[in-house]
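This report concerns only the one structure given below.
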Amino acid sequence: MTPTHAISAGKALLADGWASDVRVVVTGGRITAISKGTPPAAGDARVSALLPALGNLHSHSFQRAMAGMTEYRAAGRESFWTWRDLMYRFLDHLTPDHVEAIAAQVFMEMMEAGYAAVGEFHYVHHQSGGGRYSNIAELSSRIMAAASETGIGLTHLPVLYSYGGAGKAPLAGGQLRFGNNVDDFAKLHERCRDIARALPPDTVVGIAPHSLRATSPEDLARAWPLAGANPIHIHVAEQPREVDEINAWLGARPVQWLLDHLPVAKNCCAIHATHMTPEETGALARSGAVAGLCPITEANLGDGPFNGPGWIAAQGRFGLGSDSNVRISLTEELRTLEYSQRLRDLARNVMVPEQGSVGAFIYREAARGGAQALGRDSGTIEIGKTADLVAVDMDHPTLAALDERHLLDGICFAAPDGIVTDVWSAGRHQVKHGHHIMRQPVTLRYRAALRDLVGRL
């Protein structure tokens, strides 16, 4: 028998706008009925305000364990590239048990922050030094186990990483744990699909060619079709140096090269894309691809701001990710996106077309864009959609004075993390009263893993 349950909300943000006294029925992980002006029934989960939950479209979960370890300025200029060297040295010490424990903690924190799903851009495949595990998908299986334990909706994105830099430079150091040729990657991808069959049916397996600098035109041509209609995620135009190196090697800037040579479409997600020309911005937006923005990490690593106004003008779709997971906060991710635009343009209220609520536009578009990037039929509260839902406390001091016109602005620009009371992922009620139902065992295992990991550094 397919399980059915209902949620009664004082207010709910439906696909056609706000409504009061809303009852949402969920059957088999999907929304099967919505009624307005309806009193709660016995057994309903009762919440203050119900919203579509966002998907976190870009995560490297293991980097959560590095948070706070890389904020020391060494001699010379610090950059993404110096941070990357530190990251390589850190990951050399990760065991499969560490990977699983860290991922579970990350996924739990994401859900408590208000995310219902995650795109795990997973590139650590092998042992330190590049030695293979007997199961080529050993570390992917640990990511999936963490997702299963926490109940988060998983879009697993095994990464093709074949070279150490533009021009097919050889892998070196920490990169050896990432490396696969296309044949081995195809085996890895197939094994991930096999493992995913034991997970909930909303689990998705896509592919992630890491970047143009870590692959090659020949490899991309062979790997791209492996995804079929499932998501394809790729880092692109993240750093000026990366743009320059690709231009020197391939005779075109990375975004332009991708658009000219590969079928970039609605199942594609361009991660970061922070260094595009206006022409590239418009062309990528018109392709239907999602811009995968990670504002906290892009600020932390000094990547630079995204061209938000140009993207919006071209009607581009975008979503949000926490990337390095230095800070997992949905509200902070939303406001950092807008604030980065204000700092660049010396203006206020930038991320909205023409006029209107910035918070409402960012939140609703990030919900739709994240769902598209993750291959999930969610992003809005309407009949037939996957039940990815989040409840917030309207009585919280930050929100208590706000009506429907200002609530999403309050969430985006004023609210702390503690406003989330409940989260459902494909109908799975994993966060209740602000706490994940597996918080204690997950956190205890994470702390034990960190103690062991730090002892190895």
Can you run down the residue pairs with Cβ atoms below 6 Å, 6 or more apart or on separate chains, where the first is in the range 187-198 and surrounded by fewer than 18 Cβ atoms within 10 Å (Cβ to Cβ) and the partner is modelled with pLDDT of 95 or more and charged (D, E, K, R)?
none
Take GLY384 and decide whether it is buried (at least 24 other Cβ atoms within 10 Å of the Cβ), modelled with pLDDT of 95 or more, farther than 14 Å from ALA49 by Cα and not charged (D, E, K, R).
no
Mind checking which residues of the range 144-182 are in contact with a Cys (Cβ under 9 Å, 6 or more places away or on another chain) and either in a helix (DSSP H, G or I) or surrounded by fewer than 23 Cβ atoms within 10 Å (Cβ to Cβ) (or both)?
MET144
I'm told VAL264 meets every condition in (1) assigned to a loop (DSSP other than H, G, I, E, B); (2) out of contact with any helix residue (DSSP H, G or I) (no Cβ under 6 Å at 6 or more places or on another chain) except one. Can you identify the failing condition by its number?
(2)
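To keep it simple, each residue is scored yes or no on (1) touching a His at 6+ places or on another chain (Cβ under 6 Å); (2) surrounded by fewer than 21 Cβ atoms within 10 Å (Cβ to Cβ); (3) assigned to a helix (DSSP H, G or I).
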{"residue": "GLN372", "(1), (2), (3)": "no, no, yes"}
{"residue": "GLY379", "(1), (2), (3)": "no, no, no"}
{"residue": "HIS396", "(1), (2), (3)": "no, yes, no"}
{"residue": "ILE411", "(1), (2), (3)": "no, no, yes"}
{"residue": "ASP422", "(1), (2), (3)": "no, no, no"}
{"residue": "LEU444", "(1), (2), (3)": "no, yes, yes"}
{"residue": "ARG447", "(1), (2), (3)": "no, yes, yes"}
{"residue": "GLY455", "(1), (2), (3)": "no, yes, yes"}
Selection status of ASN325, over 23 Å from LYS168 (Cβ atoms), modelled with pLDDT under 95 and under 19 Å from the mean Cα position of the chain (by Cα):
yes
So, first residue under 13 Å from ASN181 (Cβ atoms) in the range 212-236, second residue in a loop (DSSP other than H, G, I, E, B), Cβ within less than 6 Å, six or more apart or across chains; the pairs are ALA214/TYR161; ALA214/TYR163; THR215/SER162; SER216/LYS168; ASP219/SER162
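The values are calculated or read from the model by the stated rules, or taken from the named source; none is laboratory data. Since this is a predicted model, take the numbers as computed values, not measurements. Reconstructed Cβ throughout: ideal geometry from the backbone, glycine too, with neighbour counts over all protein chains shown.
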